[in-house]
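Trainee: Encoded as structure tokens, here's the structure I'll be asking about.
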Amino acid sequence: QDNSKFREVDEKIGADLTVDLRDYQKEYVERAYEKKAAVLANPAGSGKTVTSIGLMSKIDAPTLILVPQRSLVGQWKRELLDKTTLTEDQIGEYHGDEKRMGDITLATYHMAGEKTSLFRKEWGLIIFDEVHHIPSKLFRKTASLQSTRRIGLSASPVREDSKEREIFALIGQEIGGDWARFFKQEYVLKPDVNIKLVEWESDFYRNKYNEASGFKKSIIASKNPAKIPKIESLLEQHEGDKTIIFCDWIEQGEKLAEEFDLPFISGETDFDDREDYFEKFRNDEIKTIIVSRIGDEGLDLPDAEVGIIASGQGGSRRQATQRAGRVMRPFGDAQVYIVATKGSNEEDFVKRQVEHLKEKGVPVKVEE
């Protein structure tokens, strides 16, 4: 979609950068500015958020930033205050009970899609965070918001429903998808991804799996108790390293939390408690956390060194890429372990999950 038909917005907001962009970030700011509509698909850890803030500063006009969940509003706000001359009064929020627009407005896709006053505003820029969601029914409504320029952000613009092209049709042309460039120049270091296959904990679970059908098989394989000693071994191996354990099932997360005496953060966790856990993790007060799917997207946990995936969402390439992205950064070692039940459909799923990472040049090993 070309937004050149929309006129430039005269209103200026005075959002100057207080940080220096890397050369490649400056390059993508210019490319996005010239194209007017683009999807920035740089790898996790490369600073897509900062790049988009650089674009916002260059345009210097009212900006709408859309995020998939409320927790990302606070994260974006911290980044804006830390990296620009914007003041807190200039940043509005549009979600839940909070409905105030500012020079910069942070909104959830859900609220923005309700045909609110956000549709009546002339935006100089719209930033679509985690833009891979845009083809879905709820999210795609926001693609009709008018702006002079727009940019989508996603390290994983892939979908399992074959609607990947719609991401670019609705938002703009892909730029920055060449991960090899970032790895070669060491802007971002490759994570080591290891698939750890475990046997069934007992014949009871193997028989239960064999007797089940459809989706129930996946659930049984995901919750195989034999994963617990394997995860314990990995935690011992990386003692002292900042580690995130991912799981898709609440029951499994609670069991792991009890087993290892660790906090489990899910959608059921009180919002303030959730933010408190994340802040303690950032500040090294907590070295290891367990997260449900809410940890898949946009979490600002830049010092995480190890990711352990205890269970996942079928063969979702996007989810595996996002979870690996939580430990990708420009320095240090990054290890990702995917623990799966050998000989089950989960083994097939995890091998499909890592396809996108392998295509981008990330090494993947399978170990039994």
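The values are calculated or read from the model by the stated rules, or taken from the named source; none is laboratory data. Keep in mind the model is a prediction, meaning the values are calculated, not measured. Because the Cβ atoms are built from the backbone with ideal geometry, glycine has one as well, and the counts that use them run over all protein chains shown.
Trainee: Suppose we filter Arg165, Arg159 for residues that are within 27 Å of Val354 (Cβ to Cβ), surrounded by fewer than 23 Cβ atoms within 10 Å (Cβ to Cβ), in contact with a Pro (Cβ under 8 Å, 6 or more places away or on another chain) and among the basic types (Lys, Arg); which single one remains?
Mentor: Just a single option satisfies the conditions, and that option is Arg159.
Trainee: Let me ask something else about it. Mind checking which residues of the stretch 353-368 are in a loop (DSSP other than H, G, I, E, B) and either under 20 Å from Arg181 (Cα atoms) or β-branched (Val, Ile, Thr) (or both)?
Mentor: Val354, Lys360, Gly361, Val362, Pro363
Trainee: Is it the case, given these coordinates, that His110 is assigned to a helix (DSSP H, G or I) and surrounded by fewer than 22 Cβ atoms within 10 Å (Cβ to Cβ)?
Mentor: yes
Trainee: Turning to a different aspect of this structure: I'd like to know if the stretch 292-299 contains one or more residues that are in contact (Cβ under 8 Å) with a residue 60 or more places away in the chain, part of a helix (DSSP H, G or I) and exposed (fewer than 15 other Cβ atoms within 10 Å of the Cβ).
Mentor: Within the stretch 292-299, not a single residue is in contact (Cβ under 8 Å) with a residue 60 or more places away in the chain, part of a helix (DSSP H, G or I) and exposed (fewer than 15 other Cβ atoms within 10 Å of the Cβ).
Trainee: Just to be sure before I move on: is Gln237 crowded, with 19+ Cβ neighbours inside 10 Å and free of Cβ contacts under 8 Å to residues at least 60 places away in the same chain in the structure I sent?
Mentor: So Gln237 fails the test.
Trainee: Same structure, new question: Restricting attention to the stretch 111-141, which residues are of a type outside the set (Gly, Ala, Ser) and modelled with pLDDT under 90?
Mentor: Met111, Glu114, Lys115, Thr116, Leu118, Phe119, Arg120, Lys121, Glu122, Lys137, Leu138
Trainee: On to the next question. Hey, can you tell me all the residues within the stretch 83-107 that are of a type in the set (Asp, Glu) and touching a residue at least 40 places away in the same chain (Cβ under 8 Å)?
Mentor: Answer for the stretch 83-107, where residues must be of a type in the set (Asp, Glu) and touching a residue at least 40 places away in the same chain (Cβ under 8 Å): just Asp103.
Trainee: Residues in the stretch 331-350: is at least one at pLDDT below 90 and under 15 Å from the mean Cα position of the chain (by Cα)?
Mentor: no
Trainee: Determine whether Val364 is touching a Phe, Trp or Tyr at 6+ places or on another chain (Cβ under 7 Å), crowded, with 18+ Cβ neighbours inside 10 Å and β-branched (Val, Ile, Thr).
Mentor: Answer is no for this residue.
Conditions (1) closer than 28 Å to Val73 by Cα; (2) assigned to a loop (DSSP other than H, G, I, E, B), marked per residue:
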residue	(1), (2)
Phe119	yes, no
Phe139	yes, no
Thr142	yes, no
Arg165	yes, no
Phe183	no, no
Glu186	no, yes
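Trainee: Something else about it: Evaluate the following for Ala304: is it farther than 29 Å from Arg206 by Cβ, surrounded by 16 or more Cβ atoms within 10 Å (Cβ to Cβ), in contact (Cβ under 8 Å) with a residue 12 or more places away in the chain and not charged (D, E, K, R)?
Mentor: Taking the combined requirement at face value, the residue satisfies it.
Here is a yes/no grid of residues against (1) under 20 Å from the mean Cα position of the chain (by Cα); (2) in a strand (DSSP E or B); (3) buried (at least 17 other Cβ atoms within 10 Å of the Cβ); (4) outside the structural domain of Ala334 (by TED's automatic domain parsing):
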{"site": "Asn42", "(1), (2), (3), (4)": "yes, no, yes, yes"}
{"site": "Gly45", "(1), (2), (3), (4)": "yes, no, yes, yes"}
{"site": "Ala61", "(1), (2), (3), (4)": "no, no, yes, yes"}
{"site": "Leu72", "(1), (2), (3), (4)": "yes, no, yes, yes"}
{"site": "Arg78", "(1), (2), (3), (4)": "yes, no, no, yes"}
{"site": "Gly102", "(1), (2), (3), (4)": "no, no, yes, yes"}
{"site": "Glu114", "(1), (2), (3), (4)": "no, no, no, yes"}
{"site": "Phe128", "(1), (2), (3), (4)": "yes, yes, yes, yes"}
{"site": "Pro135", "(1), (2), (3), (4)": "yes, no, yes, yes"}
